[in-house]
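Below is one structure, written out as C-alpha cells, with a few remarks after it.
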Amino acid sequence: MSHSSPPPRSETEHVPATGLVARAAALVSERPTIALSGTLVILVIVTGIIEPNYLAVSGVRNTLLQAAPLGILAGAQTILMLTGGIDLSVTMVATASAYVAANQSPSGAAVAILLGVVVGLVVGSANGVGVAVFRVNPLIMTLAMSGILLGLFTAWAQTILKGSTQVGPFIKLIGAGSFLGNRIPYSVVVWAVIAAALIWLLRRTGWGRLLYAIGDNEIAVRLAGVRVWQVRITAYIAAGVLGSIGGILLGGRTGAVDLQLANAFLLPSVAAAVIGGTSIFGGVGGYAGTILGALILSVLNSMLTFLNVGQAIQQVVYGAIVLALAWGYAGLTRRA
Amino acid sequence: MTASRPLLETVNIAKSYGSVVALEAADFAVRRGEIHALLGANGAGKSTLVKILAGVHLADSGELFVDGTPMQFHAPVDAMAVGIGTVFQDPALIPDLTLKQNLQLSEIDEPAFVSWLGWFDLGQLDLDALVHELPLETLRVVDLARALARDPQVLLLDEITAALTADQAERVFALLAHWKELGRAGVLITHRLAEVLRICDRATILRDGRNVALFEPGKEADASNGSSTGTMQDVGEHELVEAMLGAEVREERFEESGSETSASEVRSIADEIAFAARGLSSGEVVRDISFEVRRGEILGLVALEGQGQERLFSLLSGDRRPTAGEIQVGGAQRGWGGPYDAVSDGVVLIPGDRLLSLLPNLPVRQNLVVPLFNRIREWLRIPQDERKRVLNAIDRLSIDTRAASQVRRLSGGNQQKIAIGRWLVAGFRTLLCFDPTRGIDVQTKREIYALLRELAGNGAAILLYTSELAEIQLVCDRVLVMHDGRIVDEQEAARATESTLLTAAHGLEAAV
C-alpha cells in the first residue's frame, strides 16, 4: 500500500529563492562550508576596514592565538553534540587543567602537561559514567560537575594546590609563541594536529560512525548490538582531554592562571559548533564546520575589540548568534 | 419500525497516517437500543475509527452524523459534548496524579463517578491514591466510570474486557444491557468472539480499512413478524472469522531457490537446534514459553494484539532479562546482559517498529554498517570491505538508493529493507523478525518472503512473528500460536489455515 517517496530534491526547490534571507538559507543548507568561508572572508575584510593594521601579521596572529584554544574546546562540544550531549564543564576542566599545569610547572613541562591532562581524563570519565551509566541528563551532569570543580579548586588553591600560578616557559611558548618570523603561533600547530585527528576520527573510524548513529537514534543503535554506554563514556573522556589541552594552551597564552581563566569560552565553544552546522540534537554536523565557526567567532572578537566593545557586550553578541542560528537551523530542518 | 436516523453514523470515513492508509472508506452505523460489535483483524482500522468517533483524530474525508446531524469533531470535548463516551485501549489517566486530581482535570462530577464505581463494587476506592499505584483492571473500571459519569448516549469500549476479571466483565455486560434498555447504544471492540455472540445485537467487520460485512441476525425476523428476535447467537464464530479474513487469495509457497547448499547438507544442518527458549517468563506478560528453532527452519509465531509477543521478542533479543527460564544458543545456556550479547551470539532482531531500527537522518550506508562496530577493537578503523559489503546488501535487497542521503525520505518498504540489510552486512545465525511486512507494499513483501526462504536455505534459523496470517503458509515451516502470554498451539505451517490459526489465537479450541 505504501507509495515510494518522491526523489530527493535540493533545498532550492523547497525554498522560493525570492528574498535575500531565503537565498542565504538555501546556500547555507546546500554548501555550508562555502557559506561559512564566505562569512569568514567578509568579516576579515570588514575588520580590516575598521582597523587597517589588523590585516598585518600581528593582527591575524592574535586572532589565531584566540582561535586555537576556542577551536579545541569547540571540538569537545562537537563530539558530544553529535551524540546529542553537551559539556558545560569544558571550560572549568580547561581552567582546572591549566591550574594544575601551572602548579606543577616547577616539576618540568612534561609532568605539568601530563597532570593537566589527567584532570580532563578524570572529569571526562566522571561525566561519561554519570550520563551513560546513571542516565543523568548531560546538561545537569556537566553543569553540576562544573560547580563541583569550581568549589574544589577554590578550596585547593589555598591548600594542596598552593604555590605557583605561573606556567612554565615551555607551556608559555606553545601557548603564546610563534615561529616563521613570528607569523604562525605554535598553538595553531597543536590545533591543526588535533583537528586532523578529529576529522579522521569522525569520518574514517567506526567510533565516529557510532557517534553520529547514537545522536540520531540511540535505541536503534542499542538494538543493533552496540554497547552505547561505552561510546558515550569515551566521547566524554575525549571531550575532557580536549578541554585540558585547550586550557593548557590558554594558560600558556596568559602566562598566569586564575580560576576565571576559561570562563568566557563556554558560550563561544557551543556557538562555534552550532555556527559550523553541528546540531544540538545530535547526529548532524562535523568538525570542519566547527573550525570555521571558531575562526569566525575569533575574528568577530577582534572586530568587537577594535570597536571598543567590552567583554559584556561580546557575550551578548555570542548569545544572540547562538539563538539566531539555533532558530535558523531549526527552520531549515523543518523545511527539509 | 420507524426508519429513524442512527444515533451515530459514519459515511465513507478515510484516514491516513503519512503514507499508511489506516481507513480507506468506512461506513458504520449504531442505532439506539443496540450493542454493536466492531470487529477486524490487527490493523484493520478499528482503533483509528474509534479515535475519529472520539474526536482524537480528524478524518481526512467522509462524513460523521450524530442523530442525523452532520458533525466535525476537532477535539475529544466535541465528541463528549454530543454524548459520545469513549474508553480507550490504554488507560487515559495521568500516572503521577491522584484519582481525584485526574477527575478534576477532566471536570468529572465526583458523586456520579463514585456511584458508577459502586456498580463495579469499587465504591470504596480511595480517590487520593496515585494512579500508578492502582492495578490495571481498576484503572479500566475507573476509565469506564469516568466515561459514564458524563452520562453519554453512546459508549465506545475499545478492548475493555481484555484486562478485566471475569466477574467485572459480567458487570460491564450488565451495564451495556441497561444502556440498551435506556434506548442508548454501546459499541464493543473486542477480540473475544464469544462475548460478541453473547451480548451484541449486530456486528460490523472492518478489513484493510473498509467495512466488509454487517451481521444483522434480527433482520429476516424483522421482515417476517416485525419484532427483533434474532441474536448474534445465530451467527457462527467461524463466519465472523472468515469475514475478518476475507476471500482467501492463495499464493504459491515460497521455496528456497538458488541456494547453494546440497540436499545432504540441508539434511545434516536440519537437525541442529540453533536457538531455543526453555520456560521463558516475564512477569504476567510472557508465561513459561518453550520452543526451539532449527537451522534452516522458519518458525512462525501468530498472536492477536497484546498477547505478550512484543515482550517475548525483547526477551529473545536480549533487550530485557526474563524473570524465569532460559535462552539456549547452539544447546548452551546464555545469560545475556543486553542486545550486545545476543548479537555476539549471532541472534539478531529486526524490530517491528522502524523507529527502533532506522537512523532517520543518516545515509543508507551509515544505517547498514552500525553492527560492524559493536566491539571496541573495531572502533579505530573501518573494514576494508565495508563499501563492498554495503553495495552487496543494497544489491541483494534491491534497495532504491535515489534518496540515499537520509533514510527517512525512503519509502516504508525500502526502510524495512534497510533494517534487514543491516544484518546481511554484519552476518547472523538466528534472525528474529517482528512483523517485517507490516505496512509495506505487495511487491516488497514478496521480495522479503523470498529473501527469508533463501536465508533459511543457507542455514539460518528464523523466528517470524507476523500479523498477516496468510504469510504463515507462504513462508513458514511450523507455526506457534500465542495467547495471553503462553504458547497455546503448534501447527504444521502447510496445514495451518487462517481460520485454524485465528481460532487458536482467540484462545478457542479448534473446531473439529
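The values are calculated or read from the model by the stated rules, or taken from the named source; none is laboratory data. The structure displayed is predicted, hence computed values, not measured ones. Backbone-built Cβ (ideal geometry, glycine too); neighbour counts: all protein chains shown. The accessibility values were calculated without ligands, DNA or RNA, using every heavy atom of the protein model including side chains. Shrake-Rupley method; radii C 1.70, N 1.55, O 1.52, S 1.80 Å.
A few comments on the model shown:
- Selection within segment A:239-258: residues that are open to solvent by 30 Å² or more (accessible area, probe 1.4 Å) and assigned to a helix (DSSP H, G or I). The member of this set that is farthest from B:ARG375 (Cα to Cα) is A:THR254.
- Breaking point among (1) in a helix (DSSP H, G or I); (2) over 20 Å from B:THR444 (Cα atoms); (3) more than 7 Å from chain A (Cβ to nearest Cβ); (4) of a type in the set (A, V, I, L, M, F, W, C), for B:LEU372: (3)
- Considering only residues in segment B:376-395 that are open to solvent by 70 Å² or more (accessible area, probe 1.4 Å) and at the interface with another protein chain (Cβ under 9 Å from one of its Cβ atoms), the one that is nearest to A:THR234 (Cα to Cα) turns out to be B:ILE376.
- Residues considered: A:PHE170, A:PHE153. Of these, the only one that is touching a residue at least 12 places away in the same chain (Cβ under 8 Å), closer than 20 Å to A:LEU259 by Cα and not small (Gly, Ala, Ser) is A:PHE153.
- Residue within segment B:146-158 that is under 23 Å from B:HIS506 (Cα atoms), of a type in the set (A, V, I, L, M, F, W, C) and crowded, with 17+ Cβ neighbours inside 10 Å present: yes
- Yes/no for B:ILE440 being assigned to a helix (DSSP H, G or I), aliphatic (A, V, I, L, M) and open to solvent by less than 40 Å² (accessible area, probe 1.4 Å): no
- Residues of segment A:222-250 satisfying the condition of being more than 7 Å from chain B (Cβ to nearest Cβ) and within 19 Å of A:VAL136 (Cα to Cα): A:VAL228, A:TRP229, A:VAL231, A:ARG232, A:ILE233, A:THR234, A:ALA235, A:TYR236, A:ILE237, A:ALA238, A:ALA239, A:GLY240
- Test for B:SER405: is it of a type in the set (Ser, Thr, Tyr), under 22 Å from the mean Cα position of the chain (by Cα) and under 20 Å from A:VAL221 (Cβ atoms): no
- Counted residues, segment B:115-133 - those being under 15 Å from B:ARG171 (Cβ atoms) and either part of a loop (DSSP other than H, G, I, E, B) or touching a strand residue (DSSP E or B) at 6+ places or on another chain (Cβ under 8 Å) (or both): 5
- Residue in segment B:331-344 that is under 22 Å from the mean Cα position of the chain (by Cα), closer than 20 Å to A:LEU211 by Cβ and either among the hydrophobic types (A, V, I, L, M, F, W, C) or in the same structural domain as B:VAL286 (by TED's automatic domain parsing) (or both) present: no
- Among the candidates A:ALA110, A:ALA76, A:ALA132, A:ALA98, residue that is farther than 24 Å from A:SER279 by Cβ, surrounded by 22 or more Cβ atoms within 10 Å (Cβ to Cβ) and of a type in the set (A, V, I, L, M, F, W, C): A:ALA98
- Some residue of segment B:396-415 being open to solvent by 40 Å² or more (accessible area, probe 1.4 Å), away from every other protein chain (no Cβ under 11 Å) and either among the basic types (Lys, Arg) or not in a loop (DSSP other than H, G, I, E, B) (or both): yes
- Applying the condition of being open to solvent by 50 Å² or more (accessible area, probe 1.4 Å) and facing chain B (nearest Cβ under 9 Å) to segment A:203-221 and asking which residue is nearest to A:ASN62 (Cα to Cα) yields A:ARG204.
- Some residue of segment A:286-296 being under 18 Å from B:GLU378 (Cβ atoms), buried (at least 24 other Cβ atoms within 10 Å of the Cβ) and at pLDDT 95 or above: no
- The single residue among A:TRP191, A:TRP200 that is crowded, with 24+ Cβ neighbours inside 10 Å, under 18 Å from the mean Cα position of the chain (by Cα) and either more than 8 Å from chain B (Cβ to nearest Cβ) or in a helix (DSSP H, G or I) (or both) turns out to be A:TRP191.
- For B:ALA426, the conditions (1) in contact (Cβ under 8 Å) with a residue 24 or more places away in the chain; (2) more than 7 Å from chain A (Cβ to nearest Cβ); (3) surrounded by fewer than 16 Cβ atoms within 10 Å (Cβ to Cβ) all hold with the exception of (3).
- Residues within segment B:314-336 that are more than 10 Å from every other protein chain (Cβ to nearest Cβ), closer than 23 Å to B:GLY459 by Cα and small (Gly, Ala, Ser), tallied: 3
- Residues that are more than 9 Å from every other protein chain (Cβ to nearest Cβ) and in contact with an Asp or Glu (Cβ under 8 Å, 6 or more places away or on another chain), drawn from segment B:337-364: B:GLY352
- Among the residues of segment B:443-474, those identified as outside any loop (DSSP other than H, G, I, E, B) and of a type in the set (Gly, Ala, Ser) are B:ALA450, B:ALA456, B:GLY457, B:ALA461, B:ALA470.
- Search result, residues across segment B:151-204 that are touching a Lys or Arg at 6+ places or on another chain (Cβ under 9 Å) and over 27 Å from B:GLU110 (Cα atoms): B:ILE189, B:ASP201, B:ARG202
- Some residue of segment B:142-153 being within 29 Å of B:HIS36 (Cα to Cα) and within 23 Å of the chain's Cα centre (by Cα): yes
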